[in-house]
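The values are calculated or read from the model by the stated rules, or taken from the named source; none is laboratory data. Computed from a predicted model, the values in this text were never measured in an experiment. Here the Cβ positions follow ideal geometry from the backbone for every residue, glycine too, while neighbour counts run over all protein chains shown.
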């Protein structure tokens, strides 16, 4: 754990420090804390097909409409109409947090419009905004589940009611709007809602908090985007109030469920409901950065470190328990009962992104890559119309088919479902994919950093002015060659940095140019324009006067590799996983020969896996079945492993596409022979 | 799986077949289906100290009063008074099933009085009965949560309301009373309640069922005890109605939660909420036996076989998931998140007992031994005033102290608690311990079988008349020598059978007598009175004219032994457990040298464990800590196990007493070196 001192505004390198509203697609970005780095604006990067480009395109074409259709069908949008019309009553469709799904869709639509300029997305957004705005009470309160005729009173159930949680998502949607088109009706609605929250929950007023963190995040982002310190201060109050046991417990769940057990700045690890823990951490990071609170930032970094090192799956997934959708104890990482909620993956990316921007540490971008490829990308079906909610690493029983028109009552099940009873994940995927490319690069002074690799055209504005244009061409993640061609550059030395992921032992970088350059991190003797030079995980840096036509080629090794669990992770002891580049692979039952059971496969760890199609092949054996003693629990005096009865070429496929060829059993970690 | 044809009444060997009320301690037993065997009457066996005698004595002296005090304090008993007084309202202490705790305590008091003749227990029972009886409506309906002023209407929430569940426990309490003192006020109350249920839920009436099985069991037992076929028929109707998806689902739980997914006679394994699944199975077994339904009995046996072989822990514990307190998939047996609810252990014993009585198969008695010693005996603290609810096989974080006066909101936590918010386990332990000795022996024709070993004096009435008196002396379970002295016997040949548990490879039996005897199962050449002869797991039989003074000595090997998981049990791969006799042992952090972490212990599997005190010592190493890469999830490219840095004598103690010397971390399965 490194301690960081947050860069003070005006103290040096960052131009992102001033909390000044910025508008227009080029400047827009999900969050822009005044740290040492700023993320790419939504107009600064344009994906050009490839892995993420296709996901983003499908999201825009199919998922946004899919989400809207389901919410119309279920009456979640009409809930706003009923409030506006004064026709609420005791019966209201949807959970108490369904408003937030509408807001997350608004955020996704705002990014989508900012990204593409598509007037259709803008029209949908404006129409939805009108319906939302019409439901806002004169004093700024806005919620369709509380406070109106036939409903419980405002803020009568802060533990479970999710009112402030919903408001937080409204504010995030407004920030997306603000950063793509500037002030508009949605921003005005959000301002009134935020002002209402500050009046109701400010110091000396109702000193309470919401059971589900999110308002912290929304207030901090909106405060930063509008330059409104009252919102930041209110976010800070909510962060500080938590962890003091003031929330009324929910049924059998203790205060850790909503992080009300230990104050944020005293906690060492994330615990309880994973999405809550991570939204809170993201909000705390925003508050820390905006209030120059080094102690609070250090607390979030400390929690990240311990939780990543001990409570995070190979996929980057977080959440080991179904019961409370929560983190488990250290080393408690069961593959079969992994919850790894998609929303927790989204939230983890949000936290790591903030910590990267604040500290510039590569490990945060590394975890984002892992989580984006293996949790976020795993959730949506290729057609963008069905989703995983939970993302286990082992499926023992093939899922039952989900009816295409049915609301899935369960967060689990081994097949992607079009919609859920609790349907937080689809809209969370939608807003993340719509803005994915803004995570791909960052700017810090005269340094441009490529953080995530995808075929893209970039045009990044440097803090001191001037523009760096880059054309990235790659088949990443399946192929590790990333070709970066300079298309524009100022007439002064700049630094181009490329992230070398932690798994990329044996990476090389080559610079094709006639000019003088320095490749930091490259081995001695690496001459620009010369053959590829080794570069260690971390950063590959090129500092020089860039000239259009210069090409930097990073080659990351994407041969399949075995990955072993830390011996303290009991649940997958004696098993091995196969990774390829940033992708976690898995074994699916459909790829096993007939008559071979998943539970009888053993990997030969002495034979390295080799690439095949989009995955890998590993040498394996089929064993057993074991000599089970009838009528006894499955434990006995015989230590001998079952004998091999056949050899097998075990085909591993990308985990993010599992169960797409039909319901299957699956495992990421496979026992070794 | 063996199919059994249920013995028809009058068809042969059993005298337990007639559904005739029997009264008086000597005849009393928890259930007496008309199968081939009958369990011991409560007055036929008297424990004399030892492992179970002490548990039973503490139960009678401390636990019964403890339960009553808590239920008085929390108002669960006063709920009956309020119904009687007509002062019910919207606010009612306790969950909707709290009446059942009062009934289970009544059952325990009935057995305790039957066992000891203690007038104190009888007075408590009669006083409680009066308060319960006063709350019964004129038509027989009896429930303190529904159907009265300010309460929801009768049977308006069959999925979650537990009304029939509570009634089932009332009927079981009445059966205990009926079989210890005969007809009384409690039995009369139960009759009226059962009649009410038959009227309300009979064929052509309200053809529904209760979300929590138990009424099936209560009706079948009461029907059998009173010779009332209407009750048996109503039990049958409830069994047949289940599994057809008619119960309204509870929140995010599917129909498998309450076994409403597959009809009972079609299901292959237990699934969903474990206690529900097992109470249902027990009720179905009773119905099968009483209605001579071989198909239904075969279904229950089939479910037992698959569930024991694939979904049961080494301790006999059942329930792999916290989320729904339920069974997991096949082979899903995580040690750390094992739920293994104490009540599921009690219920499992109830099911196995019924199947043993119906079939005579030793495997059922074997599982009862495992579950009784390692689940039921694990729950109560030595003083009988605190309990485990969940019984995990691994505790990663030492529990927090439970305040002696606090209601524990959680079913888990690593320490025994005096009472729970949902407090089903203490009274379930109480009724089981009070009647434990009735499980110790059975009678079939002229065969007397010792099923469970404990220091005891037995006087068993044979079906055809005559009495066999036995004095059993043993230090079981720590010592495997069981000395059985004949104290009385009829003047004709009888068979004395002793169970040889499945784990007891190397057992011997010796008969000291001057008369001719046959030791079936003994090696050829084993001569009565000669040195001990080997006997295989199953039954050791002595058939002869027994003479007072004859001594049969069974020696079961109780040297500690390693036990290995079936290779399909992923969660404990590469780990080994230590057992001793019927006891599962465990490693507790308090027994590790300072500075050694539980997660770093590795057992040397090449060195057999040796006995020590009440447990065992195994050779072990302390390894690591592993070379964890900072800032990454706990998975990496290094397959090398961490190096040993010290040798250790690992002390294993009985699992059933873990956490009694203070909160600790614990594990049953320990990785091997």
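What the table shows:
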read-out: Qualifying residue in segment B:420-431 (condition: more than 18 Å from the chain's Cα centre (by Cα) and more than 14 Å from every other protein chain (Cβ to nearest Cβ)); value: no
read-out: Residue tally, condition in contact with a helix residue (DSSP H, G or I) (Cβ under 6 Å, 6 or more places away or on another chain) and within 14 Å of another protein chain (Cβ to nearest Cβ), over segment B:345-371; value: 11
read-out: Tally, over segment B:233-272, of residues that are surrounded by fewer than 22 Cβ atoms within 10 Å (Cβ to Cβ) and either without any contact (Cβ under 8 Å) to a residue 24 or more places away in the chain or part of a helix (DSSP H, G or I) (or both); value: 16
read-out: Residue check for residue A:69: assigned to a helix (DSSP H, G or I), out of contact with any helix residue (DSSP H, G or I) (no Cβ under 6 Å at 6 or more places or on another chain) and either crowded, with 24+ Cβ neighbours inside 10 Å or at pLDDT 95 or above (or both); value: yes
read-out: Qualifying positions in segment A:384-419 - within 14 Å of another protein chain (Cβ to nearest Cβ) and touching a strand residue (DSSP E or B) at 6+ places or on another chain (Cβ under 6 Å); value: A:389, A:394, A:395, A:402, A:408, A:414, A:417
read-out: Strands (runs of 3 or more DSSP E) completely within segment A:566-673 that count 3 or more residues being buried (at least 16 other Cβ atoms within 10 Å of the Cβ); value: A:575-580, A:583-588, A:601-603, A:615-623, A:644-654
read-out: Given (1) modelled with pLDDT of 95 or more; (2) within 13 Å of chain B (Cβ to nearest Cβ); (3) in contact with a strand residue (DSSP E or B) (Cβ under 8 Å, 6 or more places away or on another chain); (4) surrounded by fewer than 24 Cβ atoms within 10 Å (Cβ to Cβ), number of the condition residue A:455 does not satisfy; value: (2)
read-out: Breaking point among (1) surrounded by fewer than 24 Cβ atoms within 10 Å (Cβ to Cβ); (2) within 20 Å of residue A:265 (Cα to Cα); (3) touching a helix residue (DSSP H, G or I) at 6+ places or on another chain (Cβ under 8 Å), for residue A:217; value: (1)
read-out: Total residues in segment A:514-533, condition crowded, with 19+ Cβ neighbours inside 10 Å and modelled with pLDDT of 65 or more; value: 1
read-out: Condition check for residue A:625: in contact (Cβ under 8 Å) with a residue 12 or more places away in the chain and closer than 30 Å to residue B:560 by Cβ; value: yes
read-out: Single residue of segment A:81-93 satisfying the filter (at pLDDT 95 or above and assigned to a loop (DSSP other than H, G, I, E, B)) that is nearest to residue A:135 (Cα to Cα); value: A:86
read-out: Residue satisfying condition, being out of contact with any strand residue (DSSP E or B) (no Cβ under 8 Å at 6 or more places or on another chain), over 30 Å from residue A:601 (Cα atoms) and at pLDDT 95 or above, within set B:609, B:630, B:654, B:582; value: B:582
read-out: Residue that is farthest from residue A:218 (Cα to Cα) [pool: residues in segment A:132-168 that are under 28 Å from the mean Cα position of the chain (by Cα) and part of a helix (DSSP H, G or I)]; value: A:132
read-out: Lone qualifier among A:349, A:300 - being in the same structural domain as residue A:237 (by TED's automatic domain parsing), closer than 27 Å to residue A:576 by Cα, modelled with pLDDT of 95 or more and crowded, with 24+ Cβ neighbours inside 10 Å; value: A:349
read-out: Of the criteria (1) at pLDDT 95 or above; (2) within 14 Å of another protein chain (Cβ to nearest Cβ), which one residue B:237 fails; value: (2)
read-out: Residues being crowded, with 20+ Cβ neighbours inside 10 Å and either in a strand (DSSP E or B) or more than 14 Å from chain B (Cβ to nearest Cβ) (or both) - total across segment A:548-561; value: 5
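This table checks each residue for (1) farther than 30 Å from residue A:467 by Cα; (2) surrounded by fewer than 24 Cβ atoms within 10 Å (Cβ to Cβ).
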residue: A:391; (1), (2): yes, no
residue: A:406; (1), (2): yes, yes
residue: A:410; (1), (2): yes, yes
residue: A:436; (1), (2): no, no
residue: A:444; (1), (2): no, yes
